[in-house]
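The values are calculated or read from the model by the stated rules, or taken from the named source; none is laboratory data. The structure presented is a predicted model; accordingly, all values stated were derived computationally and were not measured. So basically every Cβ, Gly included, is an ideal-geometry build from the backbone, and we count neighbours across all protein chains shown. Note: accessible area is taken over every heavy atom of the protein model, side chains too, but ligands, DNA and RNA are not part of it. Shrake-Rupley method; radii C 1.70, N 1.55, O 1.52, S 1.80 Å.
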Amino acid sequence: AGLAMPRVFVMDEAQSNAFATGRNPHNAAVAVTTGLMQSLSREELAGVIAHELAHIKNHDTLLMTVTATIAGAVSMVAQFGMFFGGGNRNNNGLGVIGSIAMMILAPLGAMLVQMAISRTREYAADDLGARICGQPMWLASALAKIANGAHQVPNPEAERNPATAHMFIINPLSGHGVDNLFTTHPATENRIAALQQLAAQMGAQGGTPSVGTRGSYPRRGPWGRTSAPRGPWG
């Protein structure tokens, strides 16, 4: 991926999941759960790691931090508007009504924008991750398994800290399987469909991925260049 080696962590968690964090590639970390390592093949695990490296390469942690900060600032300004703008001397009361509407709608709008950006970054990480490992279907297969496991295996720690849910490759919270305005992750079936389309495009182009750094990469697995088609472990 053309990145500095991130720190790597393993979480003692039965649910299959993974995330990446760090404000830049030189201060980054990738974490996977024990459940992920036990449930995925090596190829699928390589696809997941490539996805997390894509988040690092795209500076998504920094981007989402800035987005969350702006959303919080918008909410605070809306509350100030209620407290300090409610005394409008408008006899028909539109000043108070306008302040209440702003207090409700401004934070809602900021939240929707934040979630839309989060979903967009997941699609972008899927695309770049698939190009990094050179096999979109490895990641597609992994997403299907992770999503299925996330619905079957509860994650109490994540449920107690829902603000961190957007960091994971699949939403670890129960009841979040729909791709709509109020989710941080796209629907898994939509992500898989996008990866299938990318796989078809790469196949038509001879399977040579291009990740936009240091020119075009030769055909390779995630563990090094290969002179002939082979698995990621040799």
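The residue that is nearest to Ala130 (Cα to Cα), counting only those in the range 21-48 that are buried (at least 24 other Cβ atoms within 10 Å of the Cβ) and not hydroxyl-bearing (Ser, Thr, Tyr), is Gly47.
Among the residues here, Ala116 qualifies as modelled with pLDDT under 90 and assigned to a helix (DSSP H, G or I). If the condition is being at pLDDT 75 or above and open to solvent by 70 Å² or more (accessible area, probe 1.4 Å), then the range 67-80 contributes Thr69, Ile70, Met76, Val77. The lone criterion from (1) without any contact (Cβ under 8 Å) to a residue 40 or more places away in the chain; (2) open to solvent by 40 Å² or more (accessible area, probe 1.4 Å); (3) out of contact with any strand residue (DSSP E or B) (no Cβ under 8 Å at 6 or more places or on another chain) left unmet by Val8 is number (3).
Can His55 be described as closer than 16 Å to Ala18 by Cα, within 14 Å of the chain's Cα centre (by Cα), at pLDDT below 75 and not in a loop (DSSP other than H, G, I, E, B)? When the stated conditions are applied, His55 does not pass them.
State yes or no: is Ala73 part of a helix (DSSP H, G or I) and either in contact (Cβ under 8 Å) with a residue 60 or more places away in the chain or closer than 24 Å to Pro156 by Cα (or both)? It is false that Ala73 is part of a helix (DSSP H, G or I) and either in contact (Cβ under 8 Å) with a residue 60 or more places away in the chain or closer than 24 Å to Pro156 by Cα (or both).
For the criterion of being assigned to a helix (DSSP H, G or I), of a type outside the set (Gly, Ala, Ser), at pLDDT below 75 and out of contact with any Leu (no Cβ under 6 Å at 6 or more places or on another chain), His176 fails.
Would you point out the residue of the range 142-151, among those that are at pLDDT 80 or above and over 9 Å from Ile170 (Cβ atoms), that is surrounded by the fewest Cβ atoms within 10 Å (Cβ to Cβ)? Result: Asn148. When the range 153-173 is examined, which residues are found to be open to solvent by 80 Å² or more (accessible area, probe 1.4 Å) and at pLDDT 80 or above? Result: no residue meets the conditions.
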